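Only one structure is covered here, and it is reproduced in the block below.
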Amino acid sequence: MTAVSAPAVAIKICGVTTPGAVDSAIRARADHVGFVFFPPSPRALTPREAATLGARAAGRIGRVGLFVDATDALIAEAVGAAGLDALQLHGEESPARAAELRARHGLPVWKAVPVASAADIDRAAAYLGAADLVLFDAKTPKGTLPGGMGLAFDWSLLSGWRNRAPWGLAGGLAPGNVAEAVRLTGAPLVDTSSGVETAPGVKDPALIAAFCAAARG
């Protein structure tokens, strides 16, 4: 895959669970933090827990709520409690569902698309016009969590997508490979979770700082 140049990349640190992790992302000049509202995840928050983090982040960094086929009630409660700035849909949500939630809450919608083959990239086209951003993530094994497992996919698959619509790259990104990922794909946004952890759900300030520095080159 031919290397491409790109403007400054936006950075999201997902799965933050503590005030310290929020502060670390802000110090490292990340653009967004992600709050996970999916109980099976080791990074899951209740709306009440997210309210504290959302208040800490307010006006300092973007707040993205991650949902997996969530109910209307959970999404509404999370939006109100955490003051979310965007909704990230990480399940089987249809384009119609994405458009519905965007209209209902008046917030940008990011749709995660799991990738293992070129066909998965093609499937993302269905969300054009329904989601504000498509987040390409690695497809995880059947029966496992839909993300946050440190898996990557073949970035060359993205060569046919570039410039079609706003998008981001996730899946297995860490301080040691994010610069190469940005160089090769021109990703306008990169998203990491397990790549800046010392254990599932435990964010490391030094890894967050290193990730952000590497992403920006």
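The values are calculated or read from the model by the stated rules, or taken from the named source; none is laboratory data. Note that the structure is predicted; figures quoted are calculated from it, not measured. Methodologically, a virtual Cβ is constructed for each residue, glycine included, from the backbone with ideal geometry; neighbour enumeration extends over all protein chains shown. The accessibility values were calculated without ligands, DNA or RNA, using every heavy atom of the protein model including side chains. Shrake-Rupley method; radii C 1.70, N 1.55, O 1.52, S 1.80 Å.
Taking the condition surrounded by 22 or more Cβ atoms within 10 Å (Cβ to Cβ) and of a type in the set (A, V, I, L, M), does residue 112 pass? Yes, satisfied. Only one entry of 112, 174, 165, 179 meets the criterion of being within 24 Å of residue 8 (Cβ to Cβ) and either in contact with a Cys (Cβ under 9 Å, 6 or more places away or on another chain) or modelled with pLDDT under 95 (or both), and that entry is 165.
Among the numbered conditions (1) open to solvent by less than 20 Å² (accessible area, probe 1.4 Å); (2) more than 25 Å from residue 128 (Cα to Cα), the only one that residue 52 does not meet is (1). Given (1) over 28 Å from residue 159 (Cβ atoms); (2) surrounded by fewer than 15 Cβ atoms within 10 Å (Cβ to Cβ); (3) of a type in the set (Ser, Thr, Tyr), identify the lone condition not met by residue 117. Just one mismatch for residue 117, condition (1). Return yes when residue 101 is buried (at least 17 other Cβ atoms within 10 Å of the Cβ) and in contact with a Cys (Cβ under 9 Å, 6 or more places away or on another chain) and no when it is not. Considered against the rule, which asks whether it is buried (at least 17 other Cβ atoms within 10 Å of the Cβ) and in contact with a Cys (Cβ under 9 Å, 6 or more places away or on another chain), residue 101 comes out as no. Give the range 175-217 a look and list any residue that's open to solvent by 50 Å² or more (accessible area, probe 1.4 Å) and of a type outside the set (A, V, I, L, M), or say none. Result: 176, 180, 183, 188, 198, 200, 205, 216, 217.
Quick one: in the range 158-174, which of the residues that are without any contact (Cβ under 8 Å) to a residue 60 or more places away in the chain and assigned to a helix (DSSP H, G or I) is surrounded by the fewest Cβ atoms within 10 Å (Cβ to Cβ)? Restricting to residues being without any contact (Cβ under 8 Å) to a residue 60 or more places away in the chain and assigned to a helix (DSSP H, G or I), the top hit is 160. For the range 126-151, the tally of residues that are surrounded by 14 or more Cβ atoms within 10 Å (Cβ to Cβ) and either of a type in the set (D, E, K, R) or at pLDDT 85 or above (or both) stands at 12.
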